1. Tell me the label-point distance for the pair ASP276, ASP219, using the 7 Å Cα-to-Cβ offset, in nm and rounded to one decimal.
2. Quick check: residue separation of THR318 and SER196 times 0.36 nm, minus the Cα distance between them. What number comes out in nm?
3. Output wanted: per-residue J couplings in Hz (rounded whole) for the range 200-209, from phi through Karplus 6.51 cos²θ - 1.76 cosθ + 1.60, θ = phi - 60°, x for Gly and Pro.
4. Please report, in Å, the Rg and the Dmax of the range 278-342, where both are computed over Cα atoms only.
5. For the range 194-273, state which GluC sites (Glu not before Pro) are in a DSSP loop and have at most 12 other beta carbons lying within 10 Å of their beta carbon.
6. Kindly state, to the nearest 0.05, the FRET efficiency for PHE112 paired with ILE344, given R0 = 41 Å and r defined as their beta-carbon distance.
7. Test of understanding: what is the full-extension gain from ASP167 to ASP257, defined as 0.36 nm times their sequence separation minus their Cα-Cα distance?
8. If you add up the charges near TYR118, with Lys and Arg at +1 and Asp and Glu at -1, over every other residue whose beta carbon is less than 12 angstrom from its beta carbon, what do you get?
Amino acid sequence: MSLLRKHVATQQASQPAAPATAAESLQQLITTSGQASLFAHTEFVKKVECSRCGAAKRLPSKTAYLYCDHCGSLVDYDFRLANLGTNAGYTNTIYRQIVAPVQAEIDRARAFQDIGRYRDLNKGVYLEWLRQCPQAASPRVASDDDFRERMASYLAECMVVRDFDPDLAMLDVQFNMAVRGLQRRPMPNGQPWLVSDGIWQVATLFKQEMEAAYKLLEDRGVLAMDPDEAPSGVPIRMEFSTFCQGWIPHLLPEQADHLLGMFGLTSEYARVNVTDAETRKCGGCGDELKVLPGAQAVVCESCGRKLDIAGGETPCQTCGAPLSFPVAVSRIECPYCQRETHRI
Ligand SMILES: [Zn+2]
Ligand SMILES: [Zn+2]
Ligand SMILES: [Zn+2]
């Protein structure tokens, strides 16, 4: 999810010919990248190590959020998988619908420097948006009310810090002017329009603004509010990824490579090689997941709960299904027989 610029640059720049959905633009990215094999996400896994426990990521991920196979911490964000199946166009539409009725009040709070009011209004918008569109954020917001609440607070605080900082406001004005100055070359046969060379200035300004914003968020302690406890550097890479995904369909392949290089997003992938994984059943949603030997905790990609693996499986007291309980939870409703069951 893009914290600071939810309405990606292309939203403003591309009214007529933008791809209808993010999945569509990703499809275009795939076909224009010349690296189709990289996108088979079951075959490749991003080479990354957990900054918390040091374990290398070995299991493929279904979502763009890569959680550690051993401790369940967020370790990275996979550019290839971002927005795949999440339909960013839809989630942006919902966001606009939720914000519309309170927009005037938000603007007033900003104009009068009423930071408390501004924070509350934005938090309300984010809470409702995450409730309606959990797929737009970490899989963990789907089932965990406390996590969702903390995520909304975090997002609102990011907004507050960004919108009340005069230097950032100036950078934002420059960025928006550069976006408006872009020219679009229409292409035949319904292909996406191509963007003029002004894109390099847009990208440079975007990078500057994001670097300044994240430095400020770091200095003010806002990044520490992230309930996903994203490792340092990961959130800004997510912004960069979202930005690149918005523009890549409108670039020639060599320009796309250049853009990815500007943002340091040309990372390496390794072929998945896992023969020692075991199957566990999520005590929250009942879905099956693969776990590696020695894993302590993992995040269920279906429901987003962090599951206690080290504690072993607990058979359901009614149906006997072996369940992995969510971390720090001792009582659940069995996802198979819907009866309450608890740890022994
Ligand atoms: Zn870890
Ligand atoms: Zn689950
Ligand atoms: Zn049961």
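Throughout, read-outs are computed from the coordinates displayed, never taken from laboratory work. What you see is a predicted model, and the numbers here were worked out from it, not measured in a lab. Ideal geometry is used to build each Cβ from the backbone, glycine not excepted, and the neighbour counts take in all protein chains shown.
1. 4.7 nm
2. Values: separation 122, 0.36 × 122 = 43.92 nm, distance 6.43 nm.
This chain segment gains 37.5 nm when fully extended.
3. 5, 5, 4, 5, 5, 5, 4, 4, 4, 5
4. Expressed in Å, the Cα Rg and Dmax of the range 278-342 come to 10.5, 30.
5. Answer by residue number: GLU268.
6. Details: r = 57 Å, r/R0 = 1.40.
Here the calculated transfer efficiency is 0.10.
7. Working: separation 90, 0.36 × 90 = 32.40 nm, distance 3.05 nm.
Contour length minus Cα-Cα distance gives 29.4 nm.
8. On the way: positive: ARG108, ARG110, ARG117, ARG119, LYS123, ARG162; negative: GLU105, ASP107, ASP114, ASP120, GLU157, ASP163.
Charge balance near TYR118 sits at 0.
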